[in-house]
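The values are calculated or read from the model by the stated rules, or taken from the named source; none is laboratory data. Just so it is clear, the model here is predicted, and its values are computed rather than measured. A quick note on method: Cβ atoms are made from the backbone with ideal geometry, for glycine too, and the neighbour counts reach across all protein chains shown. Ligands, DNA and RNA are stripped out before the accessible areas are found, and what is left, the full protein with its side chains, is counted by its heavy atoms. Shrake-Rupley method; radii C 1.70, N 1.55, O 1.52, S 1.80 Å.
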Amino acid sequence: MAKSREGYWYMARVESVDGDGRPTALTICPQTTWAPAAWLAEVLGGWQAVRTGATVNVLDPGRVTSFGRKVSRLQVSRRHDLERGDGWVLLLTDSGTRKTSKDATYFCAVGRLGSGPRAIAWEGERDEVWQDFLDAVDGTDDVRRARKEGKSWQEETQPPWVNVTANPNRPEVFVGQRIAARPKLFPRHQVVWVRLAERYQDQPGSAGSAPVRVSGIALAQIWRHSGGRYRARDRVTEALLPCQDVADGLCPTCRVFGSAETEGTNTAASTQKAYRGHLRFSDAVLAPDSPRPSMETHLLPPLSAPRPGAGQFYLRNDKVPDPLPMAEPQREWGSSLDGGRVRRLRGRKFYWLTEAFERRPFFRATRNRKDALHTLEEQPAGAKKPMLCRAEAVPAGTRFRYSVRFENLGLAELGGVLAALAPQGVLSLPDGFSGPVGFAVGGGRPLGFGSCTAEVVRLEAHSARSRYTAAKPAKVVSPQEALTAFRTSLPADQRTRVWRALSHILCLDRVSPHHVWWPPAGELPEDGRLVPEHLRSSMAFWQQSRGFRHQGKDRQDDPLLPLPHPGPRPQTLPVVRDDKALRRGNSR
């Protein structure tokens, strides 16, 4: 939510960093105001000079301006209150959250530089404060783009500059330059927001005096935040936490696949308590009786890392009261729904499987228009390029064969491996479905790619005696014996409740392919032409399902819409109908 930060937050210029890009000294800005970028461009000599780290003088910081009930700030109210100088420093950030009207003005944060650099004393554990910042940076669009372009920020010695536009509706109007988000900071250029443990007292001659205690770092005043005091490890049972030491006992998965200790610190005398797995997989090669496939190239829409912060999907929301007016959205980790008993993670994430990906709405639209959702061709020089990728896929019906070698497995453990490789061995099909049961591999799974089925065609097992002596012939264990042992080794609740849900998830076309898209502008026809107007931006869905109650009678509330539990019930989610978009697409 857009709201003023709580606590002692100040703008600060990074003066020095260590080898990891972690700040070691800052100049704190005891006062911050906001100034129109157009005025700053007049003072500095053009929009290219309006960049993070540039300095000016502010004669009068202006007056307090409020934006609703949650945000207020100082704003420079007269152009002649700005002049060249080095007393105040600029911070520019992405314009994506700003007003989108054509006449919206971009305001830059301008902080009055304190008396001099101050060393940092980290509040609490230094690694925790810095790790919170790294976690927040890791999901930014800047870092995602850098990864896609193969950039290595470890080698960056100068700040990566990005042009800032007025707002998303005015991409042709540049107002300045910002520093792209990176998991490191750049000295003498970078300006950040820091949370101090106590109110900052700026006194002449305080440079180099007592360090300032920093408990938080952010790249913008309204920026990403952590999910409260409950992390992912606090939202699962202890039995599901990573196994760290074989001496403490291993879970069934780590006993079979192996484990590696990930806790502790790296020192010259460090040792790692690891456990080697019992399986070795060969490469999957084309089956001898399968014709050689011709690779198909597809253009895919943006696919990024999972977003566990979307609590309406990732967390259990069994009993949800009505939200309070203007309170933190209920989907957020750390919202009021975590106030009593912390919400648990719902479980592993799956995508609906389909045999005919071309029936998915995205591909039905792209067959008719190449620029569906995003322009799929190269953008003109200097234009913003969408996060698109080209992917190769083998056609449906292609068969591969591979082998799995195992050693020192119990009969039930072997059965668990067989069940994972070919789930139809233990799952019962949902009523009214004849299968097949499968799973998904590779990329593009949200779009229907990677759906496949598997069959165990041969199983050969030996005991130590039969393997290394000729005393007795090899004893052959049938797959059914191993699967039966695995089934009987599990609690009855897991075999019914969990496996029943899995049978719905892993059954191909359990949900009709033409429904698997969110959010459409309305009900999608099963066949026929689709255009981009039928398939709305996913941002609309996240806004409408967040569990938020607006202030005022004219605003419609956004109820929390969790995913249905996998089972026989309908798996559809309610969608707010967008009649304007439907008319633009001439939808029936």
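For residue 382, indicate whether it is at pLDDT 85 or above and either open to solvent by 40 Å² or more (accessible area, probe 1.4 Å) or in contact with a Pro (Cβ under 8 Å, 6 or more places away or on another chain) (or both).
no
Tell me yes or no: at least one residue of the stretch 82-98 is under 30 Å from residue 59 (Cα atoms) and of a type in the set (Lys, Arg). So that I can check it myself, show each step before the final result.
Residues of the stretch 82-98 that are under 30 Å from residue 59 (Cα atoms), as a first pass: 82-98.
If we keep only those that are of a type in the set (Lys, Arg) as well, we get 84, 98.
Yes, the stretch 82-98 contains a residue that is under 30 Å from residue 59 (Cα atoms) and of a type in the set (Lys, Arg).
To keep it simple, each residue is scored yes or no on (1) polar (S, T, N, Q); (2) within 30 Å of the chain's Cα centre (by Cα); (3) open to solvent by less than 60 Å² (accessible area, probe 1.4 Å); (4) modelled with pLDDT under 75.
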residue: 263; (1), (2), (3), (4): no, yes, no, yes
residue: 267; (1), (2), (3), (4): yes, no, no, yes
residue: 279; (1), (2), (3), (4): no, no, yes, no
residue: 287; (1), (2), (3), (4): no, no, yes, no
residue: 291; (1), (2), (3), (4): no, no, no, no
residue: 298; (1), (2), (3), (4): no, yes, yes, no
residue: 302; (1), (2), (3), (4): no, yes, yes, yes
residue: 310; (1), (2), (3), (4): no, yes, yes, no
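Select from the stretch 405-447 the residues that are touching a helix residue (DSSP H, G or I) at 6+ places or on another chain (Cβ under 9 Å) and β-branched (Val, Ile, Thr) and write down the one among them that is nearest to residue 496 (Cα to Cα).
426
Anything in the stretch 75-106 that is open to solvent by 40 Å² or more (accessible area, probe 1.4 Å) and part of a strand (DSSP E or B)? List them, or say none.
83, 84
For residues that are open to solvent by 10 Å² or more (accessible area, probe 1.4 Å), of a type in the set (Val, Ile, Thr) and over 32 Å from the mean Cα position of the chain (by Cα), tally how many sit in the stretch 9-49.
The total comes to 1.
Name the residue that is surrounded by the most Cβ atoms within 10 Å (Cβ to Cβ), counting only residues in the stretch 163-175 that are touching a residue at least 40 places away in the same chain (Cβ under 8 Å) and over 28 Å from the mean Cα position of the chain (by Cα).
Residue satisfying both the conditions and the ranking: 175.
In the stretch 191-206, which residues are in a loop (DSSP other than H, G, I, E, B) and either out of contact with any Ser or Thr (no Cβ under 6 Å at 6 or more places or on another chain) or closer than 21 Å to residue 86 by Cα (or both)? Write out each step before concluding.
Initially, the stretch 191-206 is screened for residues in a loop (DSSP other than H, G, I, E, B), giving 197-206.
Within the stretch 191-206, 198, 199, 200, 201, 202, 203, 204, 205, 206 meet the criteria.
Check every one of the helices (runs of 4 or more DSSP H) wholly within the stretch 457-561 and list those with 2 or more residues that are hydrophobic (A, V, I, L, M, F, W, C). Can you show your working first?
On the way: elements: 464-468, 479-489, 499-505, 538-544.
Where helices (runs of 4 or more DSSP H) fall fully within the stretch 457-561 and carry at least 2 residues being hydrophobic (A, V, I, L, M, F, W, C), they are 479-489, 499-505, 538-544.
Give the residue that is modelled with the lowest pLDDT, with candidates limited to residues of the stretch 1-42 that are part of a strand (DSSP E or B) and hydroxyl-bearing (Ser, Thr, Tyr).
Here the answer is 8.
Residue check: is residue 188 in a loop (DSSP other than H, G, I, E, B), under 25 Å from the mean Cα position of the chain (by Cα) and closer than 19 Å to residue 16 by Cα?
When the stated conditions are applied, residue 188 does not pass them.
What tally of residues in the stretch 227-250 results from selecting those that are surrounded by 16 or more Cβ atoms within 10 Å (Cβ to Cβ), more than 14 Å from residue 343 (Cβ to Cβ) and not aliphatic (A, V, I, L, M)?
2
Do we find that residue 139 is small (Gly, Ala, Ser) and either under 30 Å from residue 85 (Cβ atoms) or open to solvent by 30 Å² or more (accessible area, probe 1.4 Å) (or both) in this structure?
No; evaluated as a whole, the condition is false for this residue.
Kindly indicate which of 451, 503 is in contact with a strand residue (DSSP E or B) (Cβ under 6 Å, 6 or more places away or on another chain), under 25 Å from residue 563 (Cα atoms) and at pLDDT 90 or above.
451
Cβ-Cβ distance below 7 Å, separation of 6 or more or different chains: which pairs start in the stretch 298-312 with a residue that is in a loop (DSSP other than H, G, I, E, B) and end on one that is charged (D, E, K, R)?
Pairs found: 304/144; 306/349; 310/331.
Of the conditions (1) farther than 30 Å from residue 255 by Cα; (2) not in a strand (DSSP E or B), residue 164 satisfies every one except a single condition; which number is it?
Here residue 164 meets the rest and fails (2).
Which residue out of 467, 487 is open to solvent by 30 Å² or more (accessible area, probe 1.4 Å) and either under 26 Å from the mean Cα position of the chain (by Cα) or at pLDDT 90 or above (or both)?
Criteria check complete, one pass: 487.
Keeping to the stretch 563-584, report how many residues are at pLDDT below 75 and among the small types (Gly, Ala, Ser).
Of the residues in that region, 1 qualify.
In the stretch 223-261, which residue that is under 30 Å from residue 142 (Cα atoms) and basic (Lys, Arg) is nearest to the chain's Cα centre (by Cα)?
Checking each candidate, the answer is 224.
How many residues, within the stretch 496-508, are over 19 Å from residue 432 (Cα atoms) and in contact (Cβ under 8 Å) with a residue 40 or more places away in the chain?
Residues meeting the conditions: 0.
Looking only at residues that are part of a strand (DSSP E or B) and open to solvent by 60 Å² or more (accessible area, probe 1.4 Å) in the stretch 386-412, which one is modelled with the lowest pLDDT?
Looking at the filtered set, the residue picked out is 390.
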